[in-house]
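Structure record follows, encoded as structure tokens.
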Amino acid sequence: MRVAIVLLIAAGCGSHAKGAELLLDSVRTYHEGLRWGRIPVAASRIPPAERADFIADWDSLADDLKITDYEVVSVADTERAAKVEVKYTWYLDSRQVVHDTRIAEEWERTGDVWIKVAEHLVRGEPMPSEVSLDEADSVDARGD
């Protein structure tokens, strides 16, 4: 019984400030927004200066790009920064070929909110929103 009480107390005493958003909540908000086409919701986890372009880019892909699933593969975080690896399963409606892509993301805590500040391709076919077509061609040429 004593161990259970200690564990309950420890679980309630996290290093996060009261009202601070948890990293996994932000990651989920971002990826669920992309997955279900709620782009403004996903954009709320992008730096404010990049949000308008982010929304425009994703809106231009909305009719063709279909994300069928995502999985958070790994999370390594400190109090103010995190690295998150995500695996997407997706296809372009115009091509009907399913791809698995792994993306490494960098997140930073800004005040009480986690914001995704960078990402890069780890493995698989680049998603159209992740790199420009010129970069995708060079990745394909390398066989990555």
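The values are calculated or read from the model by the stated rules, or taken from the named source; none is laboratory data. Everything numeric here is computed off the predicted structure, so don't read it as measured data. Virtual Cβ from ideal backbone geometry, glycine too; neighbours counted across all protein chains shown.
From the list V122, V131, the one residue that fits, being over 25 Å from E21 (Cβ atoms), of a type in the set (A, V, I, L, M, F, W, C) and modelled with pLDDT under 90, is V131. Going by the conditions given, is R51 touching a helix residue (DSSP H, G or I) at 6+ places or on another chain (Cβ under 6 Å) and of a type in the set (K, R)? Spelling it out, R51 is indeed touching a helix residue (DSSP H, G or I) at 6+ places or on another chain (Cβ under 6 Å) and of a type in the set (K, R).
All of (1) of a type outside the set (F, W, Y); (2) surrounded by fewer than 14 Cβ atoms within 10 Å (Cβ to Cβ); (3) in contact with a helix residue (DSSP H, G or I) (Cβ under 9 Å, 6 or more places away or on another chain); (4) modelled with pLDDT of 95 or more hold for S44 with one exception: (2).
Would you mind stating whether A49 is at negative phi, of a type outside the set (S, T, Y), assigned to a helix (DSSP H, G or I) and free of Cβ contacts under 8 Å to residues at least 60 places away in the same chain? So A49 fits the description; yes. In the condition set (1) at negative phi; (2) without any contact (Cβ under 8 Å) to a residue 40 or more places away in the chain, G37 is compliant with all but (1). Return the pairs, sorted by first residue and then second, in which the second residue is modelled with pLDDT of 95 or more, the first residue lies in region 11-33 and is part of a loop (DSSP other than H, G, I, E, B), the beta carbons are less than 7 Å apart, and the residues are 6+ apart or on different chains. Partner pairs satisfying both residue conditions: E21/W114.
Kindly establish whether W90 is of a type in the set (F, W, Y), part of a strand (DSSP E or B), more than 13 Å from the chain's Cα centre (by Cα) and surrounded by 15 or more Cβ atoms within 10 Å (Cβ to Cβ). Yes: the conditions hold for W90.
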